[in-house]
Amino acid sequence: MILEPIWGRPILSTEKTLVFADLHLGMEYELLNSGISVPSQTNKILSKIISSIREFNPKDVVFLGDIKHNIPMMSAQERREIPKFFGELSDLVDIYVVKGNHDGNLTEILPRRENVFLYDGKGFSYRGVGFFHGHAYPSEEVISCKVGVMAHNHPVVKLTDGLGAVKTLRVWVRAPVIKERLLERYDRVSMGELLVMPAFNDLCGGMAVNVYKGKFLGPLKGKIRLKDARAYLLDGTDLGHIF
């Protein structure tokens, strides 16, 4: 399987598969409780995904966790919108979902269809690539793949100009793993490289990898060679080693 970001969008393309990460549907409920009123973004996100499906004609779509946002409870918005969201998508393609740390009760609201597949946070191997969310150790099956793809970190870069104006931009991160550290936990490690996806939801914040150097969320922290990681803007601009 050949992994290629779709430049200009936080979407990964792998032959006949599209991969999305960190939708955080229902995030508006948390914002409302903080005094910020934002209309539901679910239909907007759904429209973007359907547009990409029609443009690239994939056979299936993978979602790398944090489908919903609110924890530990589930908002009425999530209960209402998420079944319809996946109902419409599963009419078009096969759906593979990895549960993230926000998805504890996602099973209750996912449509029970033959072409909707749900995996726990340890992830799964698909066409030779290991997919997992990142808040839990990946499975032996995932770590046996040469390339791993994860989410969870919402990587961004923070840019400040000479007048102090700040701009935050989403990035892709490619990093080699430290196999000897992983072998402390696993009997066999084939994974050599890890791709960290940016969040798909425009409202999501992110961890500025050029500010919080060396910081990485999840149990793989310390098992990734961050000093050798490279970051890329959505348009493909190579920012180099910025951790």
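The values are calculated or read from the model by the stated rules, or taken from the named source; none is laboratory data. None of the values given here were measured: they were computed from a predicted structure. We place every Cβ from the backbone using ideal geometry, glycine too, and count neighbours over all the protein chains shown. When the accessible area is computed, the model is the full protein with side chains, heavy atoms only, and any ligands, DNA or RNA have been set aside. Shrake-Rupley method; radii C 1.70, N 1.55, O 1.52, S 1.80 Å.
Looking only at region 219-243, residues that are free of Cβ contacts under 8 Å to residues at least 12 places away in the same chain and open to solvent by 30 Å² or more (accessible area, probe 1.4 Å) come to 3 in all. Here region 81-104 is the region considered, the condition is being small (Gly, Ala, Ser) and part of a helix (DSSP H, G or I), and the residue that is nearest to Thr17 (Cα to Cα) is Ser90. Which ones in region 190-210 are open to solvent by 20 Å² or more (accessible area, probe 1.4 Å) and closer than 20 Å to Glu140 by Cβ? Selection gives Ser190, Gly192, Glu193. A single entry from Asp60, Asp66 fulfils the requirement of being of a type outside the set (A, V, I, L, M, F, W, C), within 15 Å of Pro10 (Cβ to Cβ) and open to solvent by less than 20 Å² (accessible area, probe 1.4 Å): Asp66. Taken over region 83-104, the residue count meeting the criterion of being under 23 Å from Ser139 (Cβ atoms) and open to solvent by less than 30 Å² (accessible area, probe 1.4 Å) is 7.
For first residues located in region 38-54 and in a helix (DSSP H, G or I), partners that are open to solvent by 80 Å² or more (accessible area, probe 1.4 Å) and lie 6+ apart or on another chain with Cβ distances below 8 Å form the pairs Ile50/Leu92; Ile53/Leu92. Touching a residue at least 60 places away in the same chain (Cβ under 8 Å), charged (D, E, K, R) and assigned to a loop (DSSP other than H, G, I, E, B) - does that describe any residue in region 153-173? No, that holds for no residue. Looking across Lys213, Lys179, one residue alone is open to solvent by 50 Å² or more (accessible area, probe 1.4 Å) and at pLDDT 95 or above. It is Lys179.
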